[in-house]
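Peer 1: For reference, the structure I am asking about is given below.
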Amino acid sequence: MMSGLIVLVIVAFLVAPSFAQTASQPGPSAAPANIMGDHLRQQIHNALAARQQEYEALKTPEQITAYQQRRRSAMIEALGGFPEKTPLNAKVTGKIQCDGYRIEKVLFESRSGLVVSALLYLPDAAPPYAASLVPCGHSENGKAYESYQQASILLARNGIAALCYDPPGQGERSQIFDQQGKPSLGPTVQHTLIGTGSILLGRNIAADLVWDGIRAIDYLQSRSDIDASRIVCTGNSGGGTQTSYLMALDTRIICAVPCCYLTSFARLVDTIGPQDAEQNLYGQLAFGLEHADYAILMAPRPLMFGIATQDFFDVSGSWDNFRQTKRIYTRLGVPERVDIVEVDLPHNFARELRMPMVQWMRSWLFNKHEPVGEDKIAVKPDAELNCTPKGQVMWLDGARSLIDLNSEMETKLAPGRREFWQKTPRPQVLQKVRQITGVRPLSELPLPAFETLNREQREGYTLANVLLRPEKDIALPGMLFEPAKTTGDACLYLNGGGKEVDAAPGGPIEALVRQGRIVLAVDLPGIRQGSNGNSESPFGPNFKDFYMAYLLGRSYLGMRVEYTLACGQFLAQYGVAAQAPRPVHLVGIGEAGPAALHAAALQPDLFVSLRLDRSLRSWAEVVRSPLNRNQLINAVHGALRVYDLPDLIAALPVDKVQIVEPLGPTGQQVK
């Protein structure tokens, strides 16, 4: 009987409507496309310039060592730390004899109940063997992917054992299943869905991938036929990411060849933008942890860059990375220990990369420098390489998923949250919320500049399309509704589907206007302002902007909250004397709900009431659910260590809050 299996209807999830899907149609007062992306990209370049100054100051081995120590510590903190080591419970479930090598099918537990499926390719020679980790890139069939088989076979035929293992969400380690119990959703989708919950817990899913690699080394070193002092690592694409992390953090790796990944963040954000959940660490650019630093953390151990001219990871960034690394190795007196090979091919662990990779490994492991050739290598079908009886580790008794582990962590955090809110004075609690979200007090927020684009007369009121500028390079499109006769009240109306959704004659906004209220409907950043992702994806259309903020250690939700406060302050003062601010009601709908809730809780004197309509009920539910839709954009790193959304609701007077049709993680209505 499988423990913790997640069985869900994926098709309904993928076609379910989301507020973000309306973002493709700009309104008449649309701001420039992707204005928030441009804003964040400039901040990233500023952070990288500061990091470059620190790098240029590295002249001596002592300075380099201190630089490495600071960045290794910062990297572990950004990952969220690592757990205690538990028994591996390793076992070999099958063996295959092949031409010039043999395969052992291996299962081990990187954490208790978290089973890793792996293939160990062993040379047909006398042990002990040097051994290479071969972490997989984002292939759905994981270790059975053709080029990963071929790389492992080539290593084994050249005297190096190769342990190729499935990352979570790939091969035999799917974490999410459909109604029939079959693996569903691709690896990048699984990683980022689970990664959203990890972010809320103050960790990164990359920590789980790195931990798998660390425990894989433990497994290799536990075997009598492996030389524990000769462990190397190579991987491509997502496997290149894992190789980069592992070589930076685990000094047991004495030689490495990451392929088709390392570029520079400067080129990454200017080309394809941030990628999958595990490739973005919280605050790493604010601290100054560049792609080049993964390589610098490897120094002085031998390192080769494998890059492809036609790769979507920009090759000019790869060469800049290599140049920075070469200078460090040279200053350490070992310039020969770092090299680069570029092949004029697209993104792939191609034969032309595999051969120099193995040659590099042999030169440092065996002092053999002759070229390595590769004839056509036949690979085996996926099913023949399964390590488990039914092809999925989650079908094993007692197996747990990353979702199970995240849920357990949230369960352990919940009592501490309750106690903190019960025993801590409310101002201190809310100050902690400000600290986590990065929201400044209202007194530190400038009043937005205001521009009217055009006006339209409707029956009984005037509609103006406007722009509000809470910062110099940020423009928020808005619609200002002014009744002919006003009661003096106003309403700030934030709709996650866009400001125009409820703005038609006879709609909900007009109903408020006919009560005599001035209404300002505003698009928060990321709502109907550009799209840098797939709007049909579960992450929403602006996940790359989210990750740019995340890399800077900034909360995207926190920025939305600040702009909400700025707009509320503007509306309170609009058309009235400064000493008599207008009462402002706040409405948050859908994706805009969490920002409205935070604004009302953190600045209760600004808003006289709050209505949340079809807004997310709880972050804890996002962690526990394998599926979530458009929750990444509002996720706050480490929030659940201190508070959940219901805590903010409870902080407001009962008569001040109205909750209408709260939603679960996938947008479903909950009771």
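Peer 1: Tell me, yes or no, whether segment 158-165 has at least one residue that is part of a strand (DSSP E or B), surrounded by fewer than 24 Cβ atoms within 10 Å (Cβ to Cβ) and among the aromatic types (Phe, Trp, Tyr).
Peer 2: no
Results for (1) of a type outside the set (Phe, Trp, Tyr); (2) assigned by TED's automatic domain parsing to the domain that holds TYR329; (3) surrounded by 13 or more Cβ atoms within 10 Å (Cβ to Cβ); (4) at pLDDT 95 or above, shown as yes or no for each residue.
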site	(1), (2), (3), (4)
ILE44	yes, no, yes, yes
ALA47	yes, no, yes, yes
PRO61	yes, yes, yes, yes
GLU84	yes, yes, no, yes
TYR101	no, yes, yes, yes
LYS105	yes, yes, yes, yes
PHE108	no, yes, yes, yes
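Peer 1: Still on this structure, I have one more. Would you call THR424 under 28 Å from the mean Cα position of the chain (by Cα) and free of Cβ contacts under 8 Å to residues at least 24 places away in the same chain?
Peer 2: When the stated conditions are applied, THR424 does not pass them.
Peer 1: Quick test for you: out of ILE296, ILE307, pick the one residue that is modelled with pLDDT of 95 or more and in a strand (DSSP E or B).
Peer 2: Criteria check complete, one pass: ILE307.
Peer 1: If I go through segment 523-544 residue by residue, how many of them are assigned to a loop (DSSP other than H, G, I, E, B), surrounded by 20 or more Cβ atoms within 10 Å (Cβ to Cβ) and at pLDDT 75 or above?
Peer 2: Of the residues in that region, 10 qualify.
Peer 1: Let me confirm something: among LEU480, LEU557, LEU468, which residue is part of a strand (DSSP E or B) and either surrounded by fewer than 23 Cβ atoms within 10 Å (Cβ to Cβ) or out of contact with any Gly (no Cβ under 8 Å at 6 or more places or on another chain) (or both)?
Peer 2: Selected residue: LEU480, the only one of LEU480, LEU557, LEU468 that is part of a strand (DSSP E or B) and either surrounded by fewer than 23 Cβ atoms within 10 Å (Cβ to Cβ) or out of contact with any Gly (no Cβ under 8 Å at 6 or more places or on another chain) (or both).
Peer 1: Looking at segment 131-154, which of the residues that are surrounded by 24 or more Cβ atoms within 10 Å (Cβ to Cβ) and among the small types (Gly, Ala, Ser) is farthest from PRO187 (Cα to Cα)?
Peer 2: ALA131
Peer 1: Could I ask something else about it? Assess whether GLY306 counts as being crowded, with 24+ Cβ neighbours inside 10 Å, small (Gly, Ala, Ser), in contact with a strand residue (DSSP E or B) (Cβ under 6 Å, 6 or more places away or on another chain) and not assigned by TED's automatic domain parsing to the domain that holds PHE543.
Peer 2: Yes; evaluated as a whole, the condition is true for this residue.
Peer 1: Related question: For segment 566-584, give me each residue that is assigned to a helix (DSSP H, G or I) and either free of Cβ contacts under 8 Å to residues at least 40 places away in the same chain or closer than 23 Å to ASN34 by Cβ (or both).
Peer 2: ALA566, CYS567
Peer 1: Still on this structure: Cβ-Cβ under 6 Å, sequence separation 6+ or interchain: first residue in segment 92-106 and closer than 11 Å to LEU385 by Cβ, partner of a type in the set (Ser, Thr, Tyr) and exposed (fewer than 14 other Cβ atoms within 10 Å of the Cβ). Which pairs?
Peer 2: As it stands, the answer is LYS105/THR93, since those pairs meet every condition given.
Peer 1: Okay, next question. Of all the residues that make up segment 585-623, how many are within 24 Å of the chain's Cα centre (by Cα) and part of a loop (DSSP other than H, G, I, E, B)?
Peer 2: Residues that pass the stated criteria total 3.
Peer 1: Among LEU606, LEU632, which is the only one that is in contact (Cβ under 8 Å) with a residue 40 or more places away in the chain, surrounded by fewer than 22 Cβ atoms within 10 Å (Cβ to Cβ) and either of a type in the set (A, V, I, L, M) or not assigned by TED's automatic domain parsing to the domain that holds LEU512 (or both)?
Peer 2: Matching residue, one of LEU606, LEU632: LEU606.
Peer 1: Going by what's in this entry, would GLY416 be described as small (Gly, Ala, Ser) and over 30 Å from GLY169 (Cα atoms)?
Peer 2: yes
Peer 1: Next question, about the same structure. Are there helices (runs of 4 or more DSSP H) fully within segment 337-456 with at least 2 residues that are surrounded by fewer than 16 Cβ atoms within 10 Å (Cβ to Cβ)? List them.
Peer 2: 402-423, 426-437
Peer 1: Ok, one more. Among the residues of segment 148-170, is any free of Cβ contacts under 8 Å to residues at least 24 places away in the same chain and assigned by TED's automatic domain parsing to the domain that holds SER244?
Peer 2: Taking every residue of segment 148-170 in turn, none turns out to be free of Cβ contacts under 8 Å to residues at least 24 places away in the same chain and assigned by TED's automatic domain parsing to the domain that holds SER244.
Peer 1: State yes or no: is LEU297 within 25 Å of the chain's Cα centre (by Cα), closer than 22 Å to ALA256 by Cα and surrounded by 18 or more Cβ atoms within 10 Å (Cβ to Cβ)?
Peer 2: Yes: the conditions hold for LEU297.
The values are calculated or read from the model by the stated rules, or taken from the named source; none is laboratory data. No experiment lies behind these values; they were computed from the predicted model shown. All Cβ positions, even for glycine, are placed from backbone atoms using ideal geometry, and neighbour counts span all protein chains on display.
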